[in-house]
1. Can you find, within region 208-231, the residue that is surrounded by the most Cβ atoms within 10 Å (Cβ to Cβ) among those that are in contact (Cβ under 8 Å) with a residue 40 or more places away in the chain and aromatic (Phe, Trp, Tyr)?
2. Scan region 76-111 residue by residue and report those that are surrounded by 14 or more Cβ atoms within 10 Å (Cβ to Cβ), at pLDDT below 90, over 21 Å from ILE197 (Cα atoms) and of a type in the set (A, V, I, L, M).
3. Considering only residues that are at pLDDT 85 or above and under 18 Å from GLU261 (Cα atoms), look in region 143-188 and name the one that is surrounded by the fewest Cβ atoms within 10 Å (Cβ to Cβ).
4. Return yes or no: is LYS205 surrounded by 19 or more Cβ atoms within 10 Å (Cβ to Cβ) and within 18 Å of ALA72 (Cα to Cα)?
5. Please tell me if ILE247 is assigned to a helix (DSSP H, G or I) and in contact (Cβ under 8 Å) with a residue 40 or more places away in the chain.
6. Taking the criterion of being in contact (Cβ under 8 Å) with a residue 60 or more places away in the chain, part of a helix (DSSP H, G or I) and within 17 Å of THR203 (Cβ to Cβ), would at least one residue in region 99-117 satisfy it?
Amino acid sequence: MTSVLYDVPGPRAVARNRVLGVVTVLAVLAVLGFVVWRFAVTGQFSAEKWSAFTYSLVWQNFALATLRTLAAFAGAAVGAIILGFVLAIGRMSEHAWVRIPVTAIIEVFRAVPVLVLMLLLYYGLPVVGIRMGTYAAVVISLIVYNGSVLAEVIRAGVESLPRGQREAGFAIGLRKAGVMRLVLLPQAIRAMLPVIIAQLVVTLKDTALGFIITYPELLKYAKDLGSSATLDSPLIQSAIVAGAIYIGLCLLLSLLARTVEKRLHRSPAASSDPRKKDGPNTELLVAQRGLGPFDQGNAP
C-alpha cells in the first residue's frame, strides 16, 4: 500500500519505529535525569541558590524584560510579514527588472545570520555617522531576515496551487493584481500557515540575540542576574526561569496559531452557500469550463 508522498510502512516497519521511539524517549529521559542529578549534587536546588527569587523586585524586572522581548517580537513579526508579502510578490513578478533585484535581496538576507545584521546595524553604522538604538537594531535585523524567509514561504505556497486557479481568475475578468489578492494569496496563506507560525516562533526566540548588543530583553536580564555576586550568582537558576518563560511564550504562540488555523478551515461562508457544496472553488471551476451563470445547473 502506498501514499502519494511515501510508502506506507508495513507491520515490521511499524514495530521497528515503535521500538526506536521508545529507545529515543528513554535516552532523552536518561540525559535529563543525569542533568537533574548533577544539579542536585552540586547544590543548585538549595534554598540559598534560589534566594534571589524571593524578592519581588527580581520578578518585576523579569516581567519588564519579558515585555521588552514581546515588544521586539511584535514589531519584528508585523514587519516581517509585511516585508515577506512585498518580496514574495516582487519575486513572482513577470517583469525581470523587478524580479531579479528582489530575488537577489531575498537570497542575500536569507544567507546573512541575524546576529551579523544586528552587529552591523548597532556597531557598524556609527562608523559612517549613523547611530541606531538597540531596539531598532534588533527589530530591523529580525524583519530583514525573517521577511526574506517568509517571502520564500509565501512564494512556495502560491506556486504549489493548481495552475487552473490562476487561469480561472483571469477567466472571470480579474486582472493580475486581483488574481493574486483574491484567489492565490488567500489559499497560499491557508496552506502555508503552519510554516509561517513556525517561522514566527523562530523570530520570538531570535530576540534573545539582542543581549549581544545590550538590548535589555529577557536573556540579558537573566545573564545580569546570574552574574550578581550579591545574590550568590544564581546563573543556572536564572537560566531555568528564563527558559521556562520562553517555553511559555512559544506555547502560547503555537496555541494561537492552532486556533487561527481551525477558524480558517471552518469556512462558514462556503458551508452556508448552497452553490459551494462541491468545494470553495466551484465558481472558479465553472468559469474555467466557460459556462455562463445560467448554465451551471447543466454542468456535468
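The values are calculated or read from the model by the stated rules, or taken from the named source; none is laboratory data. On a predicted model such as this, the values are computed, not experimentally measured, just so you know. Virtual Cβ from ideal backbone geometry, glycine too; neighbours counted across all protein chains shown.
1. TYR215
2. MET92, VAL98
3. For region 143-188, the residue satisfying everything is VAL153.
4. no
5. no
6. Going through region 99-117, the residues in contact (Cβ under 8 Å) with a residue 60 or more places away in the chain turn out to be 114-115.
Adding the requirement that they be part of a helix (DSSP H, G or I) leaves 114-115.
If we keep only those that are within 17 Å of THR203 (Cβ to Cβ) too, we end up with 114-115.
Looking for residues that are in contact (Cβ under 8 Å) with a residue 60 or more places away in the chain, part of a helix (DSSP H, G or I) and within 17 Å of THR203 (Cβ to Cβ), one finds at least one in region 99-117, hence yes.
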